[in-house]
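Everything on this sheet refers to the single structure shown next.
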Amino acid sequence: MSNTEPAPAEVECRGGVPAPARVEVLTARDVPLGGPRAMRVRRTLPQRQRSLIGAWCFADHYGPDDVAASGGMDVAPHPHTGLQTVSWLFAGEVEHRDSLGSHALVRPGELNLMTSGHGICHSEVSTPGTRILHGAQLWVALPAAHRDGGREFRHYAPPAADLGGATARVFLGTVAGLASPVPTYSPLLGAEIVLRPHARLSLPAEPSYEHGVLVDTGLVSLAGTRLERGSLGYAAPGSAVLELVNLAGEETRVLLLGGAPFEEDIVMWWNFVGRSHEEIAAFREAWQAESDQFGRVAGYAGTPPRLPAPPLPNARLKPRTR
């Protein structure tokens, strides 16, 4: 998904290990994705108090939306550098096309992982048969050793596993002994967890990881801290167990994100992840010039044929700590 804000925030993210702390609650901000009816998303990463959770650097949560009312998703070809996009749906279907030549459908409970490397572009359009659209779009920052590599696309449908009081689909990394076969470029985990009514779940955790719990439906507590729908709870490294409790009398669904603290400073602006203001400016110029750095998307029939980059800010990017 593209960050289609007309004036995207300048984000310079500092690497390193944060000090252990209680669970920090990150509330979402409402962001329009553009278009005549402006599909809206709830964005919890990045924000001023926290830019990264492991290598996870961007989190949009949307729906459930009635496509007849919202217009659905129609994001024209747009570029990415230095990151991976993780598409995860709870309801609906989205058609993905990219300049690697991938043409795939994003379906509920199935991972679509696109690696930009030095440059890629893609489009995302909800399919005509979609009535309700509901999901999350996540980005992972690539470490320096891999950020200038080639384009990749992977699909994986993780099985649902019973954890006792909950079910889990692990799409990246390892959770409670359940492992995804999809390789990652930094220590990382991602899983959908559905807790039964009033269930309590003690998840073994890697103490060196920081973790985030994004609440899709219901009401949960993480280590005793209450998290409402759309919020993201952050837990610093140091815990060997994550305590999740469903506080509702119905099923609750969350996304569990985690990873080793990202040690590199990154600069995020629009759809680019780089290392400096100058590098971001060069990415923007290359996209505007229709450089081969990003390639071409075949088969997209919408308008505009590609998203133009917004203007760069007048000021240089400012440092922002974790």
Practice item. Can you give me the number of residues within the range 165-176 that are surrounded by fewer than 21 Cβ atoms within 10 Å (Cβ to Cβ) and either closer than 19 Å to PRO207 by Cα or without any contact (Cβ under 8 Å) to a residue 24 or more places away in the chain (or both)? Key: 2
Exercise for review: Please work out which one of (1) assigned to a strand (DSSP E or B); (2) at pLDDT below 95 is the condition GLY164 fails and give its number.
Suggested key: (1)
Practice item. For the range 214-235, name all the residues that are more than 18 Å from the chain's Cα centre (by Cα) and not hydrophobic (A, V, I, L, M, F, W, C). Key: GLY218, SER221, GLY224, THR225, ARG226, GLU228
Point to revise | Looking only at the range 102-115, and only at residues there that are more than 16 Å from the chain's Cα centre (by Cα) and assigned to a strand (DSSP E or B), the one that is surrounded by the most Cβ atoms within 10 Å (Cβ to Cβ) | key: ALA104
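Residues are listed down the side, and each one gets a yes or a no for (1) in a strand (DSSP E or B); (2) of a type in the set (Ser, Thr, Tyr); (3) surrounded by fewer than 23 Cβ atoms within 10 Å (Cβ to Cβ); (4) touching a strand residue (DSSP E or B) at 6+ places or on another chain (Cβ under 9 Å):
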site: SER87; (1), (2), (3), (4): yes, yes, yes, yes
site: ARG97; (1), (2), (3), (4): yes, no, yes, yes
site: LEU100; (1), (2), (3), (4): no, no, yes, yes
site: GLY117; (1), (2), (3), (4): no, no, yes, yes
site: CYS121; (1), (2), (3), (4): yes, no, no, yes
site: VAL125; (1), (2), (3), (4): yes, no, yes, yes
Check your understanding: Among the candidates VAL220, VAL241, VAL273, which residue alone is surrounded by fewer than 18 Cβ atoms within 10 Å (Cβ to Cβ) and touching a Leu at 6+ places or on another chain (Cβ under 8 Å)?
Key -> VAL241
Study note, to complete from the structure: The one condition PRO311 fails out of (1) surrounded by fewer than 18 Cβ atoms within 10 Å (Cβ to Cβ); (2) within 30 Å of SER221 (Cα to Cα) is (2)
Revision key, fill the gap. Taking the range 257-270 and keeping only residues that are crowded, with 24+ Cβ neighbours inside 10 Å and not aromatic (Phe, Trp, Tyr), one is left with LEU257, GLY258, GLY259, ILE266, MET268
**Study point:** Single match in GLY295, GLY258 (criterion: over 17 Å from ARG151 (Cβ atoms) and in contact (Cβ under 8 Å) with a residue 40 or more places away in the chain)
**Key:** GLY258
Check your understanding: in contact with a strand residue (DSSP E or B) (Cβ under 6 Å, 6 or more places away or on another chain) and surrounded by fewer than 18 Cβ atoms within 10 Å (Cβ to Cβ), is that true of SER208?
Key -> no
**Study point:** In the range 167-189, the residues that are farther than 29 Å from HIS118 by Cβ and part of a loop (DSSP other than H, G, I, E, B)
**Key:** ALA176, GLY177
Practice item. Pull up the range 190-207, narrow it to residues that are farther than 14 Å from TYR156 by Cα and in a strand (DSSP E or B), then point me to the one that is nearest to the chain's Cα centre (by Cα). Key: ILE193
Exercise for review: Among the residues of the range 177-198, count how many are under 17 Å from ALA161 (Cβ atoms) and surrounded by 19 or more Cβ atoms within 10 Å (Cβ to Cβ).
Suggested key: 8
Point to revise | The one condition in (1) on the phi < 0 side of the Ramachandran plot; (2) surrounded by fewer than 23 Cβ atoms within 10 Å (Cβ to Cβ); (3) in a strand (DSSP E or B) that GLY63 fails to fulfil | key: (1)
Review point. Among GLU278, GLU250, GLU228, which is within 22 Å of GLY149 (Cβ to Cβ) and surrounded by fewer than 22 Cβ atoms within 10 Å (Cβ to Cβ)?
Key: GLU278
Exercise for review: Tell me, please, whether a residue that is farther than 24 Å from HIS118 by Cβ and of a type outside the set (Val, Ile, Thr) can be found in the range 282-301.
Suggested key: yes
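The values are calculated or read from the model by the stated rules, or taken from the named source; none is laboratory data. Everything quoted here is computed from the prediction, not taken from an experiment. Positions of Cβ are backbone-derived with ideal geometry, glycine not excepted, and every protein chain shown enters the neighbour counts.
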